[in-house]
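Novice: Structure incoming, see below.
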Protein chains: 2
Amino acid sequence: MQPQAITRNAGTTIARQHEVTSALQILRSGAAKAVLQAACGAEHISAFYFPGDIINLGTLEGGRQQASVVLLSAASLCRIPQPLLQAHMQHNPALATALLQAAMQELRQANWLGVLLSQGSAQERLLFFIHTLAQRDLKTGGSGAYVHLAMSRRDVANHLGLAAATVSRTLAHLEEQGLLHCSGRTITLLKEISPRHNFS
Amino acid sequence: MQPQAITRNAGTTIARQHEVTSALQILRSGAAKAVLQAACGAEHISAFYFPGDIINLGTLEGGRQQASVVLLSAASLCRIPQPLLQAHMQHNPALATALLQAAMQELRQANWLGVLLSQGSAQERLLFFIHTLAQRDLKTGGSGAYVHLAMSRRDVANHLGLAAATVSRTLAHLEEQGLLHCSGRTITLLKEISPRHNFS
DNA sequence: CGCAACCTTGAGACAGTTCAAAGCTAGTGG
DNA sequence: CCACTAGCTTTGAACTGTCTCAAGGTTGCG
């Protein structure tokens with residue numbers, strides 16, 4: 001019973017909504033999106049995952065996966081079987097705490113997305129999103145000066161509750177303002193971004 | 001070191017954003033709202049709490065309170081000091097699991113709110129909200145036939161990402177359609193509500 | 001090279017917002 | 001017990017940010 005290293009291609013579904021699994025998956029490289037499917041057919045991308053993120057926290061202890069997770073690029077995963085996880089938890093109670101903290105972190109992000117979706121303009125939503133990606137880049141050793149979007153405009157739009165056309169237009173507008181430069185899926189930040197909706 | 005019963009009046013703040021506390025609080029009666037304050041001054045009501053709900057899960061294990069919690073009516077709380085909680089957890093490992101499950105439940109609700117905020121019309125948002133309250137009423141022994149709103153229209157509007165005027169208008173419209181009857185803060189359900197955005 | 005998916009841009013439509021005024025309700029103090 | 005007040009709710013009218021629809025441009029892959 002060992003942790004397993006796994007590699008998969010872009011487009012692969014690595015977790016399915018409602019699923020009950022017996023292993024925790026952690027993204028080691030690449031990017032993924034969490035897609036929440038409503039009964040009526042509507043879909044919402046509730047989160048994006050990057051290296052270090054836990055994919056299926058929800059399936060712990062017999063819970064069900066809240067959303068399907070689809071890879072946005074080729075990626076590698078680390079799979080930790082449930083029994084192994086439990087063995088570790090017995091030796092190391094801090095692990096349970098760490099998982100609870102991870103869950104609270106996810107909740108925090110979902111709540112801030114709620115603030116954005118309920119009160120932000122298209123521009124605020126986009127700036128916040130880019131800012132978040134840049135922060136993430138900083139934390140994982142990047143310069144924070146440019147951001148590579150792993151996802152399509154349509155995915156960004158869906159996540160932020162906008163139309164794809166609006167994302168396109170708003171990016172163009174931000175570029176006119178000299179805030180950033182945008183070429184394909186690479187965004188170069190030209191000024192400090194201080195989204196109106198700051199974390200706190 | 002015992003659990004404490006506490007009673008407070010409407011309007012009392014029973015948890016503050018960013019706070020680090022050393023006790024878990026559970027709502028025993030009454031209702032409350034969780035208010036997330038952004039640095040810019042914007043506020044979003046991320047959730048409403050009802051009897052049985054845990055108010056400050058986020059403060060467990062040195063975590064910080066994610067949002068302020070304000071009572072919507074006179075209420076009673078049960079306060080469980082951290083040491084007591086930990087003592088129980090040692091005897092009963094299932095308790096840690098239960099807390100993680102509670103956190104995942106909160107996350108689930110936040111995610112569904114996201115779907116609603118990003119893709120639902122005003123009518124869908126309201127129907128979903130009322131439906132949720134009715135379901136809650138059913139679970140706690142009510143008939144599910146009528147719903148008492150513990151919160152103001154403005155609070156409902158804020159939570160659903162609408163203007164208060166829109167909530168008022170939409171309720172009037174739903175009443176015209178014969179779906180429900182609305183008198184003050186009491187809503188009587190006249191037909192089965194099947195929101196387009198079903199849980200799943 | 002050709003296809004399929006993605007992205008951009010324009011024009012028009014519309015749901016919901018804002019602002020404002022008037023009606024209602026519940027709590028307070030005389 | 002009633003008058004008063006502050007906040008909540010409703011409703012109207014005008015406005016606007018974003019959506020939808022559609023057409024053309026671009027990219028990348030087989």
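Novice: Take every residue in peptide A:53-62, count the Cβ atoms of other chains within 10 Å of its Cβ, and give the average of those counts. Write out the running numbers ahead of the final one.
Specialist: On the way: counts 0, 0, 0, 0, 4, 8, 1, 4, 7, 2.
Across the residues of A:53-62, the mean count of other-chain Cβ atoms within 10 Å is 3.
Novice: Only Lys, Arg, Asp and Glu count, each charged at its Cβ (+1, +1, -1, -1), so figure out the dipole size of chain B about its Cα centre, rounded to 20 debye. The partial results should precede the final answer.
Specialist: Values: 16 positive and 11 negative charges, 38 e Å.
Charge dipole, chain B, about its Cα centre: 180 debye, nearest 20.
Novice: Report the paramagnetic label zone for A:Q2: residues of the stretch A:77-104 whose backbone N is under 12 Å from a point 7 Å from Cα along the Cα-to-Cβ axis.
Specialist: none
Novice: Please give, to one decimal in nm, the separation of the simple spin-label points placed at B:Q86 and B:E19, each 7 Å out from Cα toward the Cβ.
Specialist: About 2.1 nm, to one decimal.
Novice: Give me the dipole magnitude in Debye, nearest 20, for the stretch A:120-189 about the Cα centre, with unit charges on the beta carbon: positive for Lys and Arg, negative for Asp and Glu. Can you show the working numbers first?
Specialist: Details: 7 positive and 5 negative charges, 39 e Å.
About 180 debye.
Novice: Below 14 angstrom from the Cβ of A:A5, what's the summed charge of the other residues (Lys, Arg +1; Asp, Glu -1)?
Specialist: +3
Novice: Using Cα pairs closer than 8 Å and at least 6 residues apart in sequence, work out the relative contact order for chain A, in percent. Walk me through the intermediate numbers first.
Specialist: Numbers: 332 pairs, mean separation 40.5, N = 200.
Computed over chain A, the figure is 20 percent.
Novice: In the neighborhood of B:L24, defined by Cβ-to-Cβ distances under 15 Å, what is the net charge if each Lys or Arg adds +1 and each Asp or Glu adds -1? Mind dumping the intermediate values first?
Specialist: Values: positive: B:R28, B:R64, B:R79; negative: B:E19, B:D53, B:E61, B:E106.
Residues near B:L24 contribute -1 overall.
Novice: Output the peptides A:52-60, A:111-119, B:71-79 sorted from most to least packed, where packing is the average of other Cβ atoms within 10 Å over each peptide's residues. Show your work: numbers first, answer last.
Specialist: Numbers: A:52-60: 21.1, A:111-119: 23.8, B:71-79: 17.8.
Result, highest mean first: A:111-119, A:52-60, B:71-79.
Novice: Expressed as a rounded percentage, what relative contact order does the stretch A:120-189 have, with Cα pairs under 8 Å and six or more residues apart?
Specialist: Numbers: 64 pairs, mean separation 23.5, N = 70.
Value for the stretch A:120-189: 34 percent.
Novice: Highest mean first, what order results for A:41-47, B:182-188 on Cβ atoms within 10 Å? Please report the intermediate quantities before stating the final value.
Specialist: Values: A:41-47: 18.7, B:182-188: 13.0.
Top to bottom by mean Cβ count within 10 Å: A:41-47, B:182-188.
Novice: Between the stretch A:32-90 and the stretch A:128-170, what's the alpha-carbon centroid distance in Å?
Specialist: So the two Cα centres are separated by 20 Å.
Novice: When we measure straight from the Cα of B:K33, which aspartates and glutamates land under 19 angstrom away, once same-chain ones fewer than 8 places off are left out?
Specialist: The qualifying aspartates and glutamates are B:E19, B:E43, B:D53, B:E106, B:D137, B:D155.
Novice: State which helices in chain A qualify, where a helix is a whole DSSP H run, it must extend 24 Å or more along its own axis by its Cα atoms, and its mean Kyte-Doolittle hydropathy must be at least 0.5. Could the numbers behind the result be given before it?
Specialist: Values: long enough: A:94-119 (37 Å, 0.58); A:122-139 (26 Å, -0.11).
Helix filter hits for chain A: A:94-119.
Only the coordinates and a few stated rules stand behind these numbers; no lab work does. Values in this document were obtained by computation on a predicted structure and should not be read as measured data. Heads up, the Cβs are rebuilt from the backbone with ideal geometry, glycines too, and the neighbour counts pull from every protein chain shown.
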